[in-house]
Structures are given as structure tokens and as C-alpha cells.
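For reference, the structure discussed in these notes is given below.
Read-outs: derived from the displayed coordinates by stated rules, not from any lab. What you are looking at is a predicted structure, and each value in this text was computed from that prediction instead of being measured. Because the Cβ atoms are built from the backbone with ideal geometry, glycine has one as well, and the counts that use them run over all protein chains shown.
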Amino acid sequence: MKKFIVQFILLIILIFGGLYYYSLTVKDGKIRSPFLPKPQTPASLVINDSTLKVLIADEASERSKGLGGRQSLATDEGMLFVYDKPGIHTFWMKDVSFPLDFIWINKDTVIDITENVPPAAVGQSDESLPKYSSSFENDKILEVSAGTVQRLSIKIGDTIVLLP
């Protein structure tokens, strides 16, 4: 009888452990395994009647990597960093080899812009990389190729629409 009780308790622990793991790996009805990379499917973002293909970085690991490691970015591409709540979010150009424009967004409205952010110098240490942030709390940051802000006439007060 004692052996049965121990087995029953272990079974209950296993079931609750499985349910807990499942709750950690399911987001928006989709199973996400911590062992497999999340597929990056571009979404469409509309700003000033122009449509950009953007990768969504809504998890800490994606936001940490950002555009680092890429060699280029097309003029109609970008990366949208999405946060659960507004805050002062800081960015740097670690492993980014081309200049960018940062568009700081809160509640789908452009609140600040940082243009022509230069890439890190070859061999520059992480500690010496400049940090970039807005003076205003934001819940999204759009990184695009340098010159995109001017080319699309993006200005503070413009709104974005993220299409599925």
C-alpha cells in the first residue's frame, strides 16, 4: 500500500509538472518550445501610406538579439520591438553593421525619432557602445534602415497600423 501511495504522489507531481510546462510554452494558442527557435514570419506595418515588412521581437531573447548579425536591411523592412508595458527602453548597436533609424512608439503613435544611428566600430567593446533611448515612455520601437524616416516623411504624431 505504501508503494502505491508513493507512485500515486509521483504521478500527481508529474501531471502538475506537465501542466505547468504546457502553460509556459503556449502563447496565443500556439505551442512554443524553448528548444526550437521561434519562426520569424514578417508582419505588415503601415505608416504614412507605406507598408513595411517587419519582424516582431516580442520576447526577451528576440529583443536582445535584435538585428544583430544581419548584414543588411531592405528599404521596406524593419524590426518592431514590442513590450508588455510602456517604459524607457534602451538600445545599442551590438553586432549591427549598418546604420539605422529608431522610431519610438507608444500606443501606436510615434512619440520620438532617432535618425542615422551609426553601426559599432569594428572591434569596439560592448562597454563602450553608445546607448540610445527616448525621453518618453514607449511600448514599441521600430528599427528601419537609416534614411527611412526622411524617405517616408515620418514625424512625431504619425500613427502605425500593424496588420496580421
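Overview of results
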quantity	calculated
Cα gyration tensor of the chain - equivalent ellipsoid semi-axes, whole Å, descending	40, 19, 15
Gain in span if fully extended, residue 64 to residue 161, counting 0.36 nm per residue against the direct Cα distance	32.5 nm
Ranking of 59, 77 by count of other Cβ atoms within 10 Å, fewest first	59, 77
Rounded tilt (10° steps) of 2-25 against the dominant C-alpha axis of the chain	10
Fluctuation leader among 91, 102, 16 - the chain, Gaussian network, Cα springs under 10 angstrom	16
